[in-house]
Amino acid sequence: MKKRILLAGLCALALSIWPESSAAEADNGLPTIADARMLSPFGGRANVSPNGKRIVFVGKTYGDAYELEIATGKLRNLTAGFPHQGIMRIQYLPSGDFLVTAPRILAGANTRAHLEMWVLAKDLERGLQPLGEQVFEGIANSKRRNLIAWTMIEPEMAQGENWQLGFARPTKRYVAEVRVVDGMASLANKREIMPGLPEQCRFIEPQDFRANDSELVYSCMGFTAGGGILISVMGNSIAEDRNVTYYRKEGEYNEVEGIAPDGSWAAVECGKQEAKGLPELDICRLELEHGGSMTRLVRGVVPGSTSDISNPVVTPDGKSLIFQRSDSAAPDIGEGYGIYILPLGP
């Protein structure tokens, strides 16, 4: 999810600039969305099944969640059979059940600061089961076991406050295991992690685990010396609470999304940060090592248009990217308008 939404909510912190298009520097030979295969003409925030055969996604923000079989295009609505207030995100758990981010009460745009975590059992027979925890933005989800990490605004924001101010409020970070026994869901072994953020981070969004779940990879939102926003890629060795910077460069916007199955690299929303304009980002490959190298994979910018691409995830075989078509002018930040798959080559 692109952090370009912060400008309005964080004016008091003098965050006054956003990344502009990186089209001028994009290699003409890079693939674009035109080279990808459309999986769905609608929807976004896709997540790939552990076996790589299916994806789940939301049809629209606070809409229904769907599952699609990649090979055949067969689609099923996962949430039409029970009442809910709309789905923001849905992810596969290694158990085959689904981890869902959704509101208990839908109350306009500021609902985004009051989302909760739920489980949808794979048999779809019980509807959404609450885990009793709020979450702000994305959830890291292990590919090995039902282990998750998330950020929570504490204390909770008031219902009427602009949700974007959540990035400037105190937060805490947690890990826990999701247990589903006889179809009934609960959290176990919840504990706080990263009690103090690195000095360069004002807020972090957990993205994924790697190194046998010993490390959490995350996006760090911080500031430049001139008061602008700087999004960088970092990791935290959980047991030692030790942080490492994988990529941080003033003048650039880099938000980590999907991680390769072996944990060696990540797909990153990447772009150039200028003094004005909305970000139109490409997709890059970042080697997950200290000061790792960055290589552009897909050109997302469409010259003369607000259309772009975002939310890339890597398939479990490491051979393809799945991403969504986005629009930098969309009223709902992070909204997807179709899902695509692109082979990464031999």
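Some notes on this structure:
- Residue check for Glu287: closer than 23 Å to Ile139 by Cα and of a type in the set (D, E, K, R): yes
- Taken over the range 18-56, the criterion of being modelled with pLDDT under 50, surrounded by fewer than 18 Cβ atoms within 10 Å (Cβ to Cβ) and not charged (D, E, K, R) is satisfied by Ala23, Ala24.
- Neighbours by Cβ (under 9 Å, 6+ apart or cross-chain): first from the range 319-330, on the phi < 0 side of the Ramachandran plot and modelled with pLDDT of 85 or more; second surrounded by fewer than 19 Cβ atoms within 10 Å (Cβ to Cβ) and charged (D, E, K, R): Gln324/Glu335; Ser326/Glu335
- Pairing each residue of the range 173-190 that is closer than 17 Å to Glu215 by Cα with any residue that is assigned to a loop (DSSP other than H, G, I, E, B), provided the two are 6+ apart or on different chains, yields C-beta distances under 6 Å for Arg173/Met194; Glu177/Asn146.
- Of residues in the range 289-338 being basic (Lys, Arg) and in contact with an Asp or Glu (Cβ under 9 Å, 6 or more places away or on another chain), the one nearest to Thr32 (Cα to Cα): Arg299
- Under the condition of being touching a residue at least 40 places away in the same chain (Cβ under 8 Å) and outside any strand (DSSP E or B), the residues counted in the range 32-85 number 20.
- Selection count, the range 179-189, where residues are out of contact with any Asp or Glu (no Cβ under 8 Å at 6 or more places or on another chain) and either surrounded by 10 or more Cβ atoms within 10 Å (Cβ to Cβ) or part of a loop (DSSP other than H, G, I, E, B) (or both): 4
- For Ala149: the one exception among (1) under 19 Å from Val181 (Cα atoms); (2) crowded, with 22+ Cβ neighbours inside 10 Å; (3) not acidic (Asp, Glu): (1)
- Residue count for the range 102-132 under the criterion of being of a type in the set (Val, Ile, Thr) and either surrounded by 21 or more Cβ atoms within 10 Å (Cβ to Cβ) or touching a helix residue (DSSP H, G or I) at 6+ places or on another chain (Cβ under 7 Å) (or both): the result is 1.
- Lys172 within 16 Å of Gly138 (Cβ to Cβ) and of a type in the set (D, E, K, R): yes
The values are calculated or read from the model by the stated rules, or taken from the named source; none is laboratory data. Remember, it's a predicted structure, so these values are computed and weren't measured experimentally. Positions of Cβ are backbone-derived with ideal geometry, glycine not excepted, and every protein chain shown enters the neighbour counts.
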